[in-house]
Amino acid sequence: MLTNQRHELILHMLHEAGFCQLQDLVHRTNTSESTIRRDLNELEQQGLLERIHGGAQLKQRAVGDERMAEREQSHPAEKRHLAEYIAAAYLRDYQAIFLDAGTTVAMLIPHLKERAGLTVYTNSVQTASMLADADIPNIIPGGQVKPQTKAIVGAIAARFLGSVHVDLAFIGTNGISARAGLMTPDPEEAAIKQVMISAARRSIVLADHSKFDQQALVTFAQPDDVDEIVTDFIPSPLQNDFRRFTTIKELTSN
């Protein structure tokens, strides 16, 4: 059995039962214990399962809100790669754009300096500060500021952003599920993302590979509700589930 086939079988068994014993996996795949241990290590590194004594289990909790400093330290090279592609593919002079409160989206800021006449709206206090430090004028809505993510949320923010019509909305996500769609832990942040998607001529989601098959509390869109989801790659065990969505663009293959 090929590596990809073993990975798909392991994940299928986990989704069926929630837990798999090492010896059961050895028997079902007709391979060695050392090979299965290596498979489990690779899948754990991709964030798709948790190793426990005697086997593996699905992750026990949904993705929650992390503070900005924690999120900025997660997969920085991949986030920079996505931002470089997005800047080259989408950014033009004299556009109006939304930047949501995602840390991957914030990686676009250095590239904005290369464009003239941009009108930038953001619901992130931190992103607004970074834009100002880079001498990029920007506009923020009123509303409540969340301490964890420094995102501005609430009815006032949603009403203002919904009244603006922009060329592009750049959106982050905490998780992508083939069944549940694009997710975030906070209902109010989900509402802001929905407003941005609706008010933009084109909406682009930036998501590195670790976001795939992650669960969060609230769905803010389905993959087909946005124009493009840009990722470095889809983890190989999940490719059959996600490649049916024509809006997903992989920059590399895994």
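If you restrict to DSSP beta bridges whose two residues both lie in the chain, what percentage is antiparallel, to the nearest 5? Please report the intermediate quantities before stating the final value.
On the way: 15 of 37 bridges.
In the chain, approximately 40 percent of DSSP beta bridges are antiparallel ones.
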Roughly how many Å² is the accessible area per residue of the chain, as a whole number, for a 1.4 Å probe? 46 Å²
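If you average 1/r over all unlike Cα pairs in the chain and invert the result, what Kirkwood radius do you get in angstrom? Don't skip to the end; give the middle numbers.
Numbers: mean 1/r = 0.0523 Å⁻¹.
Over the chain, the inverse of the mean reciprocal pair distance is 19.1 Å.
Of all the accessible heavy-atom surface of the stretch 122-254, with the other protein chains kept in place and a 1.4 Å probe, what percent is carbon and sulfur? If you can, show how the numbers build up before the last one.
Working: 2590 of 5300 Å².
Using a 1.4 Å probe with all protein chains present, the stretch 122-254 comes out at 49 percent carbon and sulfur.
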Under a straight-distance cross-link criterion of Cα-Cα below 20 Å, which aspartates and glutamates are reachable from LYS146, leaving out those fewer than 8 residues away in the same chain? ASP65, GLU66, GLU70, GLU72, ASP100, ASP186, GLU188, GLU189
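Among residues other than ASN123 whose Cβ falls under 13 Å from its Cβ, what is the net charge (Lys/Arg +1, Asp/Glu -1)? Show your work: numbers first, answer last.
Details: positive: LYS146, LYS150, ARG159, LYS193; negative: ASP100, ASP186, GLU188, GLU189.
Its environment carries a net charge of 0.
Please identify the chymotrypsin sites (Phe, Trp or Tyr not before Pro) of the stretch 94-178 that satisfy two criteria: DSSP loop assignment and at most 16 other Cβ atoms within 10 Å. Which are they? Mind dumping the intermediate values first?
Values: sites: TYR94, PHE98, TYR121, PHE160, PHE170; in loops: TYR94.
Those satisfying the criteria are TYR94.
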Restricting to the stretch 122-254, what percent of DSSP beta bridges are antiparallel, rounded to 5? 40 percent
Separation between Cα centres of the stretch 170-207 and the stretch 116-163, rounded to whole Å: 16 Å
Using a cut-off of under 18 Å, list every residue of the stretch 14-33 whose amide N is near the label point 7 Å from the Cα of GLU50 along the Cα-to-beta-carbon line. 14-22
Would you mind computing, in nm to one decimal, how far apart the modelled labels at ASP135 and ALA17 are, each placed 7 Å from Cα along Cα→Cβ? 6.3 nm
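Add +1 for every Lys or Arg and -1 for every Asp or Glu among the other residues with Cβ under 12 Å from the Cβ of LEU82, and state the total.
On the way: positive: LYS79, ARG80, LYS211, LYS249; negative: GLU78, GLU84, ASP208, GLU228, ASP232, GLU250.
For residues surrounding LEU82, the net value is -2.
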Calculate how steeply helix 3-17 sits against the longest principal axis of the alpha-carbon atoms of the chain, using the helix alpha-carbon long axis, and give the answer as 0 to 90 degrees to the nearest 10. 90 degrees
Using the alpha-carbon atoms, what tilt in degrees (0 to 90, nearest 10) does helix 187-199 show relative to the longest principal axis of the chain? 60 degrees
Taking 0.36 nm per residue of separation between VAL164 and ARG38 and subtracting their Cα-Cα distance, the length gained on full extension comes to 40.3 nm
In the structure displayed, which of LYS79/LYS211; LYS211/LYS249; LYS150/LYS193; LYS113/LYS249; LYS79/LYS249 lie more than 19 Å apart, Cα to Cα? LYS113/LYS249
For the chain, what does the helix formula give at 222 nm: sum of -39500 (n - 2.57) over DSSP H segments with n ≥ 4, over the residue count, nearest 500 deg cm²/dmol? -11000 deg cm²/dmol
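The values are calculated or read from the model by the stated rules, or taken from the named source; none is laboratory data. Here the structure is a predicted model, which means the values were calculated and not measured. With ideal geometry, Cβ positions are generated from the backbone for all residues, glycine too; neighbour counts draw on all protein chains shown. These area figures cover heavy atoms from the full protein model, side chains too; ligands, DNA and RNA do not enter into them. Shrake-Rupley method; radii C 1.70, N 1.55, O 1.52, S 1.80 Å.
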